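Chemist: Right, I'll just put the structure down here and ask away after.
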């Protein structure tokens, strides 16, 4: 299985390559990709240089243009697709039907991957993208069990990529409006969930209060690990009591699931975290490279302890092993 | 307040106490030299900072008796050592010295330090993220640049500092 690693900056890309990535994914410094954070991402020139570096190490670069194009501003997204192809991207990661159509017509032969933002979670939906636009790989939403992934793979004629580590969206990706509700901005359109411009932290007497727009997302006691101020992982008071209404602040770590994912026929394993530092990328990529090497050698798969890197300092295998709670 | 499982090294309290009466003025020339060196070697920082380069950042090592005010402007950037952070800052960041240096040097992850409550942030989070991302991309050898004036003593001094900066769990 291939190891697909994140890079928010050229320096992070070089670290990912050195740490053992088979491919690195990244995006331009604008609203065309779902990690449009301040100070992050690549200029056109940086992308060109980064691709040349990665290719010199036999590592592929996948460029995410995976937000949904804004009406009246299509040229921004079209230019991103054209420039990524021109820079030598090994694949484009797209979600928007119109952009898939544009890329397939304008750049026939360019390898296209379907972003997790498209939320294609069943064989019929995936077949549509494969047959209509020639999509070669689909990034599966983080809502499927391994049994369901195996069933999808049996019924489709394209490669599959699944997330194995990092931030965990618990909603149907590309459809979630929680961030929009609180701030008017979302990963789907502006490329940012819970934008930093709307985040406030306040700490007093050991208690940390996190706010997003007009909403208090959480109050962390002095002995609690902190988390991102996202509505889906907020702690709220409702008629059912006070607690985590949707999901607790946890991150995905599916290292122990790798044998099952390989048996299911998964092509590639994806690490989330383009917004994270070089230290995160080096630590996580090296750990998963070691695990994959052990798996290929038929040795027992041991999970590296990466919990210090994770939101809430807690990990889960997510939907890969569904249990009742 | 960091969690009890924090592995970030702290300046020994006795050493911090001994530093308390020292004047801050002698810190200014080496700080200015360090910032000038960073500005010359890593001009890409300012492009990534964009409009946030005009913001004022307060950096407070929680285990030292002084703090810093950083103004990362493209023209005449400035860093000042102060006893207490002024009120009119855009961003305030505090944490152990080793955590702050580790962030700049790329040895530590800012989000992880935030999750473990080692790092405390207040103010304009957008500006803070821009600074964090710009610095992470710049690959600044902060310790090496800060000790560059030590001549033949640079290498042993650097080794000592790097060893101290390394999180306890790594030793």
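The values are calculated or read from the model by the stated rules, or taken from the named source; none is laboratory data. The shown structure was predicted, so the numbers you read here are calculated from the model rather than taken from an experiment. Positions of Cβ are generated from backbone atoms using ideal geometry, with glycine treated the same way; all protein chains shown enter the neighbour counts.
Chemist: In segment B:131-171, what count of residues is obtained for those that are outside any helix (DSSP H, G or I), modelled with pLDDT under 85 and surrounded by 14 or more Cβ atoms within 10 Å (Cβ to Cβ)?
Modeler: 3
Chemist: Of all residues being buried (at least 24 other Cβ atoms within 10 Å of the Cβ) and in a helix (DSSP H, G or I) in segment B:113-128, which is nearest to the other protein chains (Cβ to nearest Cβ)? Just the residue, please.
Modeler: This residue is B:115.
Chemist: Of the conditions (1) surrounded by 24 or more Cβ atoms within 10 Å (Cβ to Cβ); (2) more than 15 Å from the chain's Cα centre (by Cα), residue A:24 clears all except one; give me its number.
Modeler: It is condition (2) that residue A:24 fails.
Chemist: Test residue A:107 against the criterion of being in contact (Cβ under 8 Å) with a residue 24 or more places away in the chain and either over 25 Å from residue A:55 (Cβ atoms) or over 22 Å from the mean Cα position of the chain (by Cα) (or both), and give yes or no.
Modeler: Spelling it out, residue A:107 is indeed in contact (Cβ under 8 Å) with a residue 24 or more places away in the chain and either over 25 Å from residue A:55 (Cβ atoms) or over 22 Å from the mean Cα position of the chain (by Cα) (or both).
Residue-wise test of (1) farther than 24 Å from residue A:208 by Cβ; (2) touching a residue at least 24 places away in the same chain (Cβ under 8 Å); (3) part of a strand (DSSP E or B).
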{"site": "B:50", "(1), (2), (3)": "yes, yes, no"}
{"site": "B:60", "(1), (2), (3)": "no, yes, yes"}
{"site": "B:68", "(1), (2), (3)": "no, yes, yes"}
{"site": "B:84", "(1), (2), (3)": "no, no, no"}
{"site": "B:88", "(1), (2), (3)": "no, yes, no"}
{"site": "B:108", "(1), (2), (3)": "no, yes, no"}
{"site": "B:111", "(1), (2), (3)": "no, no, no"}
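Chemist: Hey, any hits in segment B:31-52 for a residue that's within 14 Å of chain A (Cβ to nearest Cβ), farther than 30 Å from residue A:192 by Cα and surrounded by fewer than 16 Cβ atoms within 10 Å (Cβ to Cβ)?
Modeler: Yes, segment B:31-52 contains at least one residue that is within 14 Å of chain A (Cβ to nearest Cβ), farther than 30 Å from residue A:192 by Cα and surrounded by fewer than 16 Cβ atoms within 10 Å (Cβ to Cβ).
Chemist: If you scan segment A:216-234, which residues turn out to be in a loop (DSSP other than H, G, I, E, B) and farther than 22 Å from residue A:308 by Cβ?
Modeler: Hit for segment A:216-234 is A:234, nothing else.
Chemist: While we're looking at this one, here's another question. Does residue A:120 satisfy the criteria of being in a helix (DSSP H, G or I) and at pLDDT 95 or above?
Modeler: no
Chemist: Of all residues in segment A:128-153, which are assigned to a loop (DSSP other than H, G, I, E, B), touching a residue at least 60 places away in the same chain (Cβ under 8 Å) and surrounded by 20 or more Cβ atoms within 10 Å (Cβ to Cβ)?
Modeler: Passing the criteria: A:142, A:144.
Chemist: Next question. Quick check on my filter: what residues within segment A:159-208 are within 12 Å of the chain's Cα centre (by Cα) and either more than 22 Å from residue A:65 (Cα to Cα) or part of a strand (DSSP E or B) (or both)?
Modeler: A:161, A:162, A:163, A:164, A:165, A:166, A:167
Chemist: Limited to segment A:296-325, what total is found for residues that are in a helix (DSSP H, G or I), away from every other protein chain (no Cβ under 14 Å) and either touching a residue at least 40 places away in the same chain (Cβ under 8 Å) or surrounded by 21 or more Cβ atoms within 10 Å (Cβ to Cβ) (or both)?
Modeler: 3
Chemist: Test of understanding: among A:115, A:145, which residue is assigned by TED's automatic domain parsing to the domain that holds residue A:288 and farther than 17 Å from residue A:2 by Cβ?
Modeler: It is A:145.
Chemist: Going by what's in this entry, would residue A:290 be described as touching a residue at least 12 places away in the same chain (Cβ under 8 Å), surrounded by fewer than 24 Cβ atoms within 10 Å (Cβ to Cβ), within 14 Å of chain B (Cβ to nearest Cβ) and farther than 21 Å from residue A:159 by Cβ?
Modeler: no
Chemist: Sort through B:18, B:67 and tell me the only one that's in contact with a strand residue (DSSP E or B) (Cβ under 7 Å, 6 or more places away or on another chain) and more than 14 Å from chain A (Cβ to nearest Cβ).
Modeler: After ruling out the rest, the residue left standing is B:67.
Chemist: Can you tell me which residue among B:142, B:131, B:150 is under 12 Å from the mean Cα position of the chain (by Cα) and more than 10 Å from chain A (Cβ to nearest Cβ)?
Modeler: Residue meeting the stated conditions: B:142.
Chemist: Continuing with the same structure: Scan segment A:170-208 residue by residue and report those that are more than 17 Å from residue A:114 (Cα to Cα), away from chain B (no Cβ under 14 Å) and in contact with a helix residue (DSSP H, G or I) (Cβ under 9 Å, 6 or more places away or on another chain).
Modeler: Within segment A:170-208, A:170, A:171, A:176, A:178, A:179, A:181, A:182, A:184, A:186 qualify.
Chemist: Just one of (1) away from chain B (no Cβ under 14 Å); (2) at pLDDT 95 or above; (3) within 30 Å of residue B:6 (Cα to Cα) trips up residue A:232, so point out which.
Modeler: Failed condition: (2).
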